[in-house]
Amino acid sequence: MAINGETKTEPNSEEQVSRHQEVGHKSLLQSDALYQYILETSVYPREPESMKELREVTAKHPWNIMTTSADEGQFLNMLLKLVNAKNTMEIGVFTGYSLLATALALPDDGKILAMDINRDNYELGRPIIEKAGVAHKIDFKEGPAMPVLDEMIADGKYHGTYDFIFVDADKDNYINYHKRLIDLVKVGGLIGYDNTLWNGSVVAPPDAPMRKYVRYYRDYVLELNKALAADPRIEICMLPVGDGITLCRRIN
């Protein structure tokens with residue numbers, strides 16, 4: 001198989017198990033070849049040129065593991081079109097790959113409130129977003145999202161106004177985000193929490209080999225998953241796309 005111009009042979013079963021032995025692998029699929037098939041057959045041929053460019057720029061970033069995967073970007077883009085989203089929010093932007101996927105899906109008068117603690121990362125992707133002609137849809141705010149959310153809730157006029165909210169940020173605050181976002185998303189609207197399968201660590205034994213950051217946030221992700229499953233205000237669907245995404249539809 002030729003991947004990125006390099007010819008690679010298929011790993012045998014022993015090598016395949018070894019490759020996925022360390023919890024922290026980006027893809028949740030047990031076969032790298034199957035994941036590559038999805039990308040090359042369904043994702044890359046339909047990926048907008050601007051998203052491809054941003055994906056390639058982000059791949060050179062030392063923290064590139066933080067980016068939304070290409071298959072998840074495609075999923076978000078289609079989902080937003082299906083629900084006819086117009087007013088959205090994104091917590092955790094990084095270089096803006098998922099943000100661009102969202103902006104491309106929204107109508108010309110659509111809006112995204114985008115928040116991240118690091119503007120420098122966003123600035124890497126901003127020229128590409130501007131070239132794509134969708135920068136006018138984005139209101140980027142640098143800094144922690146929690147104070148902004150608290151201010152919006154206290155204001156009162158933002159309750160139930162968001163069609164879609166995507167969260168891909170500090171996992172130790174996911175529960176705190178949910179307590180606030182449930183008031184800001186409209187009835188029938190969606191909240192998407194990224195990384196809810198957390199590199200597969202949610203089913204790993206406590207003594208399994210894990211990267212330090214995976215082990216650190218694992219309990220927070222487990223806590224969130226348990227809380228979402230028990231929340232009567234939402235319907236949920238957990239999908240093994242990217243690193244796992246849980247969609248929450250507000251029902252009351």
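Within region 146-154, is there a residue that is part of a strand (DSSP E or B) and under 24 Å from residue 97 (Cβ atoms)? Break it down into steps so the answer makes sense when it comes.
Let us first name the residues in region 146-154 that are part of a strand (DSSP E or B), namely none.
No - not one qualifying residue is present in region 146-154.
Within region 70-86, track down each residue that is surrounded by fewer than 21 Cβ atoms within 10 Å (Cβ to Cβ) and assigned to a loop (DSSP other than H, G, I, E, B).
83, 84, 86
Name the residue that is least open to solvent (accessible area, probe 1.4 Å), counting only residues in region 213-227 that are aromatic (Phe, Trp, Tyr) and in contact with a helix residue (DSSP H, G or I) (Cβ under 8 Å, 6 or more places away or on another chain). Can you show your working first?
As a first pass, look at region 213-227 and keep what is aromatic (Phe, Trp, Tyr): 213, 216-217, 220.
Going one step further and asking which of them are in contact with a helix residue (DSSP H, G or I) (Cβ under 8 Å, 6 or more places away or on another chain), we end up with 217, 220.
Details: 217: 60, 220: 78 Å².
Ranking the qualifying residues of region 213-227, first place goes to 217.
Every residue in region 102-138 that is within 26 Å of residue 82 (Cβ to Cβ) and β-branched (Val, Ile, Thr), please.
Hits for region 102-138 are 102, 112, 128, 129, 134, 138.
Please go through region 142-152 and pick out each residue that is in contact with a helix residue (DSSP H, G or I) (Cβ under 6 Å, 6 or more places away or on another chain) and aliphatic (A, V, I, L, M).
Residues of region 142-152 that are in contact with a helix residue (DSSP H, G or I) (Cβ under 6 Å, 6 or more places away or on another chain), as a first pass: 142, 149.
Result: 149, single match.
Assess whether residue 135 counts as being surrounded by 21 or more Cβ atoms within 10 Å (Cβ to Cβ) and more than 21 Å from residue 42 (Cβ to Cβ). Explain how you work it out, then say what you get.
Numbers: surrounded by 21 or more Cβ atoms within 10 Å (Cβ to Cβ): no; more than 21 Å from residue 42 (Cβ to Cβ): yes.
Criteria not met by residue 135.
Given the conditions (1) out of contact with any Ser or Thr (no Cβ under 9 Å at 6 or more places or on another chain); (2) open to solvent by 10 Å² or more (accessible area, probe 1.4 Å), and given that residue 115 satisfies all but one, which numbered condition is not satisfied?
(2)
Would you mind stating whether residue 89 is among the aliphatic types (A, V, I, L, M) and either assigned to a loop (DSSP other than H, G, I, E, B) or open to solvent by 70 Å² or more (accessible area, probe 1.4 Å) (or both)?
Values: among the aliphatic types (A, V, I, L, M): yes; either assigned to a loop (DSSP other than H, G, I, E, B) or open to solvent by 70 Å² or more (accessible area, probe 1.4 Å) (or both): no.
No; evaluated as a whole, the condition is false for this residue.
Which ones in region 141-170 are under 17 Å from the mean Cα position of the chain (by Cα) and open to solvent by 20 Å² or more (accessible area, probe 1.4 Å)? Outline the logic, then answer.
Initial filter on region 141-170 (under 17 Å from the mean Cα position of the chain (by Cα)): 145, 163-170.
The answer is 163, 168, 169, 170.
Does region 228-240 contain any residue that is over 24 Å from residue 30 (Cβ atoms), open to solvent by 70 Å² or more (accessible area, probe 1.4 Å) and modelled with pLDDT under 95? Let's see the steps before the verdict.
Start the filter on region 228-240 by keeping residues that are over 24 Å from residue 30 (Cβ atoms), which leaves 228-236.
Pick out the ones that are also open to solvent by 70 Å² or more (accessible area, probe 1.4 Å) and you get 229-230, 232-233, 235-236.
If we keep only those that are modelled with pLDDT under 95 as well, we get none.
No: zero hits.
If you take the residues in region 203-212 that are closer than 19 Å to residue 172 by Cβ and touching a residue at least 24 places away in the same chain (Cβ under 8 Å), which one is most open to solvent (accessible area, probe 1.4 Å)?
First pass over region 203-212, keeping only residues closer than 19 Å to residue 172 by Cβ: 204, 206, 210-212.
Checking which are touching a residue at least 24 places away in the same chain (Cβ under 8 Å) leaves us with 204, 210-211.
Values: 204: 13, 210: 29, 211: 93 Å².
Per the stated criteria, the residue is 211.
Assuming residue 199 fulfils every condition listed in (1) touching a helix residue (DSSP H, G or I) at 6+ places or on another chain (Cβ under 9 Å); (2) surrounded by 20 or more Cβ atoms within 10 Å (Cβ to Cβ); (3) of a type outside the set (Asp, Glu); (4) modelled with pLDDT of 95 or more apart from one, which condition is it?
Here residue 199 meets the rest and fails (4).
Conditions first: (1) outside any strand (DSSP E or B); (2) farther than 30 Å from residue 251 by Cβ; (3) in contact with a Leu (Cβ under 9 Å, 6 or more places away or on another chain). Residue 121 passes all but one, so which condition is the exception?
Single failed check for residue 121: (3).
The values are calculated or read from the model by the stated rules, or taken from the named source; none is laboratory data. Because the structure is a prediction, the values reported are computed rather than measured. Cβ sites come from the backbone with ideal geometry, for glycine too, and all protein chains shown count toward neighbours. Just so you know, the surface numbers come from the protein's heavy atoms only, side chains and all, with ligands and any DNA or RNA stripped out. Shrake-Rupley method; radii C 1.70, N 1.55, O 1.52, S 1.80 Å.
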